[in-house]
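The values are calculated or read from the model by the stated rules, or taken from the named source; none is laboratory data. Here the structure is a predicted model, which is why all the values come from computation and not from measurement. All Cβ positions, glycine included, derive from the backbone under ideal geometry; neighbour counts span all protein chains shown.
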Amino acid sequence: MFFAPRIRLKPLAQLCHRLSVATGAGLKDLKIWKGESQRGSWGQRRQIEGVASSLAGGSTLAQALQGTGNYFPPLFHQMVGVGEVSGQLDRTYGRLAEYYDDTLKAKKAFLGKLAWPALQLAMAVLVVGLLIFVMGMLPGFQQPGGEGEMAGFDMLGLGWIGTAGLIKYVNLLVFVAIVGLLLVEAIRCGVGWTRALQRFVLTLPVVGPAFRTLALSRFAWAFQLVLGTSMDLRQALPLVLDATGNDYFAGWGPEVALRIEQGQDIHTALSATGVFPTEMLDNIAVGEQSGRLAETMERMAREYQQRAATAISVLAQIAGYAVWILVSALIIALIFRLFSAYVGVLNEAWKPI
């Protein structure tokens with residue numbers, strides 16, 4: 001569902017830390033979740049109040065969490081359910097906290113590196129809007145279609161001059177922002193056509209490998225997380241693929257689960273998807289054969305965390321170059337338009353009366 005409420009990453013990580021400490025101290029689930037219903041945002045308190053009410057009514061924690069819908073991630077639901085059954089709920093909360101902390105660090109690093117390009121783009125957008133407004137205040141620019149080459153000149157070639165032009169320009173920006181927001185939400189909700197888009201992005205040079213590395217980093221972290229539990233692989237692997245944050249990877253979940261059910265080993269089931277690098281598959285095969293898959297994935301998770309940091313830097317650089325090219329092209333276009341208009345005025349002045 002579009003724009004359905006979901007808990008943000010930072011509050012989720014903090015919640016998992018508190019749940020781990022409280023559960024490890026021996027407090028009952030009902031008391032813990034009642035206490036949590038007094039913390040966080042209004043939406044978070046409301047969802048957790050529902051969990052506490054269900055617990056008070058005799059529901060298990062896994063059943064109580066089902067009442068929150070998609071507010072908590074699927075991985076949280078499944079891991080908590082397994083931790084409850086196995087009696088290792090405190091350890092499960094702790095591992096989830098580590099996982100969400102790592103994901104949060106990666107997100108902050110990415111957004112931090114995008115801050116300067118985003119500022120450049122905002123400044124360029126602001127300058128264009130200012131020029132549109134100022135052109136409406138200068139003599140000879142107020143009335144589009146007037147006499148002379150300079151009359152009616154505008155920045156974008158759309159007749160947008162002065163206050164009226166600025167309003168149209170702002171409306172355009174609002175429209176673009178809404179379209180962008182809907183695109184992001186569609187990707188988050190896994191709308192069908194976005195899978196083709198994400199697959200196309202993975203095929204792009206430079207950008208594709210960077211996004212693939214980020215997805216593989218999340219896969220490694222989530223996989224080593226579930227390997228420490230008694231979760232059935234038919235449930236675990238689709239969840240791990242979903243945790244990549246890339247719908248193209250997540251789309252292979254049902255097929256991988258089916259292959260596991262048919263008796264294939266993990267290496268073979270993942271290899272059949274064609275989306276994992278040979279290096280990772282080889283490590284999984286060795287870890288599986290030696291019975292040390294959990295240790296193998298923990299090592300790979302650390303390794304891919306370092307690769308993800310590099311991938312984030314690459315994506316930020318590409319975004320910076322794209323913004324720089326956009327701003328440069330805009331400035332050059334404005335210079336040429338102003339110069340051509342100026343030349344037109346000179347030609348008009350030299351014509352015989």
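Just one of (1) modelled with pLDDT under 90; (2) assigned to a helix (DSSP H, G or I) fails for V256. It is (1).
Within region 39-55, does at least one residue satisfy the condition of being buried (at least 16 other Cβ atoms within 10 Å of the Cβ), in a helix (DSSP H, G or I) and at pLDDT below 85?
Keep residues of region 39-55 that are buried (at least 16 other Cβ atoms within 10 Å of the Cβ), which gives 40, 44, 47-48, 50-55.
Checking the rest, the ones that are also in a helix (DSSP H, G or I) come to 44, 47-48, 50-55.
Subsequent filtering for residues that are at pLDDT below 85 retains none.
No, region 39-55 contains no residue that is buried (at least 16 other Cβ atoms within 10 Å of the Cβ), in a helix (DSSP H, G or I) and at pLDDT below 85.
With the structure loaded, tell me whether R18 is surrounded by fewer than 19 Cβ atoms within 10 Å (Cβ to Cβ) and either in contact with a strand residue (DSSP E or B) (Cβ under 8 Å, 6 or more places away or on another chain) or free of Cβ contacts under 8 Å to residues at least 12 places away in the same chain (or both) or whether it fails that test. No: the conditions fail for R18. For region 205-230, taking the residues that are hydroxyl-bearing (S, T, Y) and within 22 Å of Q264 (Cβ to Cβ), the one that is surrounded by the most Cβ atoms within 10 Å (Cβ to Cβ) is identified as T229. Going by the conditions given, is L111 modelled with pLDDT under 85, out of contact with any helix residue (DSSP H, G or I) (no Cβ under 7 Å at 6 or more places or on another chain) and either among the aliphatic types (A, V, I, L, M) or part of a loop (DSSP other than H, G, I, E, B) (or both)? So L111 passes the test.
Every condition in (1) over 15 Å from D90 (Cα atoms); (2) modelled with pLDDT under 90; (3) of a type in the set (A, V, I, L, M) is met by A62 except one, and the failing one is (1). So, R302, is that one touching a helix residue (DSSP H, G or I) at 6+ places or on another chain (Cβ under 9 Å) and either closer than 23 Å to D101 by Cα or surrounded by 19 or more Cβ atoms within 10 Å (Cβ to Cβ) (or both) or not? Yes, satisfied. Every test in (1) assigned to a loop (DSSP other than H, G, I, E, B); (2) touching a residue at least 60 places away in the same chain (Cβ under 8 Å) is passed by Q264 save one, and that test is (2). Candidates L138, L156, L173: the one that is in the same structural domain as L241 (by TED's automatic domain parsing) and modelled with pLDDT of 80 or more is L173. Scanning region 228-246 for residues that are modelled with pLDDT under 80 and under 17 Å from the mean Cα position of the chain (by Cα) gives a single hit, G245. Scanning region 274-303 for residues that are closer than 19 Å to L239 by Cα, touching a residue at least 24 places away in the same chain (Cβ under 8 Å) and not in a helix (DSSP H, G or I) yields V275, F276. Exactly one residue among L239, L202, L233, L197 is within 20 Å of D102 (Cβ to Cβ), surrounded by 14 or more Cβ atoms within 10 Å (Cβ to Cβ) and not charged (D, E, K, R), and that residue is L239. Among all residues of region 121-131, there is none that is surrounded by fewer than 19 Cβ atoms within 10 Å (Cβ to Cβ) and not in a helix (DSSP H, G or I).
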